[in-house]
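The values are calculated or read from the model by the stated rules, or taken from the named source; none is laboratory data. What you are looking at is a predicted structure, and each value in this text was computed from that prediction instead of being measured. With ideal geometry, Cβ positions are generated from the backbone for all residues, glycine too; neighbour counts draw on all protein chains shown.
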Amino acid sequence: MPGPYVMGIDYGTESCRVAIFDLVGNPVGFAATPYKTTHPRPGWAEQSHDDWYLALQSSTRKVLAETGVNPAEIEGISYDATTMTVVAMDEAGKELRPAIMWMDIRATEQAARALTTDHWARLYNGGGTMPATAEWYPFKAAWLKENEPETYAAAHRLVDAPEWVNFKLTGEWTVNINSAAHRMYYNREHGGWPVEFYEHIGCGDVFDKLPEQVVDLGVQVGTLTRAAADDLGLWEGIPVAQGPADACQVPGRLDPLVDAPARRPRPGPATSSDRFSP
């Protein structure tokens, strides 16, 4: 079946799945690569970013090989990942510690602090009638600040897993509106981030570690970098759309990624030899 096609990347709890679709949403191919979760202590759950990226490479190359799709026919990419899986990265883009997974509840003490404020952010938890969950972002951020201060201080970015995926694909930093408005207490009607609430929890300075842009789903956030193209067996310059948390996918917007300007010839797949040439 001739292209063009779009590619979807799904980072779940147990594996990285990559699928190829035609422009009306018909599936063309699918591949999955598993990775492991470690539990250093009861209630803790962590995963390796290296395992994530190797799984992405494997799944992408596998689905291309099994379908016979020419990478030149991939006209757009988007992604999702588990949400409130917190990733700490330094200014050079290096991961500082294993990712703290969504189901990790080590921040129970920090989450309990939400019960001692009447801030509007409390409405996110049962209309203000329910306790906050230790799974959510500000509580994990506060836990890191209090229990791993060196890691927290070194973190240039402390983000949800979908933002890690975007950075690995495009080199760009954003916050997706889905994660922000669901489990990070962001509310545009109330002015955005609830700074006083975060201060009350104990991580009011974490906004220096969050990307400035909060981006709606489906908006193009960048293009596939040469390094990522080389790693994944794709073409440099493929448009990449903002993706959501994996529990909250919505039908994608194809038009911005497959319009006529985006179909201009691209440089082609990077190779190990030309990637490092002057």
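Brief remarks on what is shown
- Single residue of segment 109-132 satisfying the filter (in contact with a Phe, Trp or Tyr (Cβ under 8 Å, 6 or more places away or on another chain) and hydroxyl-bearing (S, T, Y)) that is nearest to G202 (Cα to Cα): T117
- Residue list for segment 192-204, restricted to those being without any contact (Cβ under 8 Å) to a residue 60 or more places away in the chain, surrounded by fewer than 20 Cβ atoms within 10 Å (Cβ to Cβ) and in a loop (DSSP other than H, G, I, E, B): G204
- Some residue of segment 57-76 being under 19 Å from L232 (Cα atoms), aliphatic (A, V, I, L, M) and either touching an Asp or Glu at 6+ places or on another chain (Cβ under 6 Å) or assigned to a loop (DSSP other than H, G, I, E, B) (or both): yes
- Every test in (1) in contact with a helix residue (DSSP H, G or I) (Cβ under 6 Å, 6 or more places away or on another chain); (2) in contact (Cβ under 8 Å) with a residue 12 or more places away in the chain; (3) part of a loop (DSSP other than H, G, I, E, B) is passed by D231 save one, and that test is (3).
- Within segment 166-183, the presence of at least one residue that is more than 18 Å from T85 (Cα to Cα), among the hydroxyl-bearing types (S, T, Y) and in a helix (DSSP H, G or I) is confirmed.
- Check on A153, at pLDDT 95 or above and surrounded by fewer than 17 Cβ atoms within 10 Å (Cβ to Cβ): yes
- Test for E189: is it surrounded by fewer than 20 Cβ atoms within 10 Å (Cβ to Cβ), closer than 28 Å to G218 by Cβ and in contact with a strand residue (DSSP E or B) (Cβ under 6 Å, 6 or more places away or on another chain): no
- The set of residues in segment 23-39 that are crowded, with 16+ Cβ neighbours inside 10 Å and either at pLDDT below 95 or not in a loop (DSSP other than H, G, I, E, B) (or both) comprises V28, G29, F30, A31, A32, T33.
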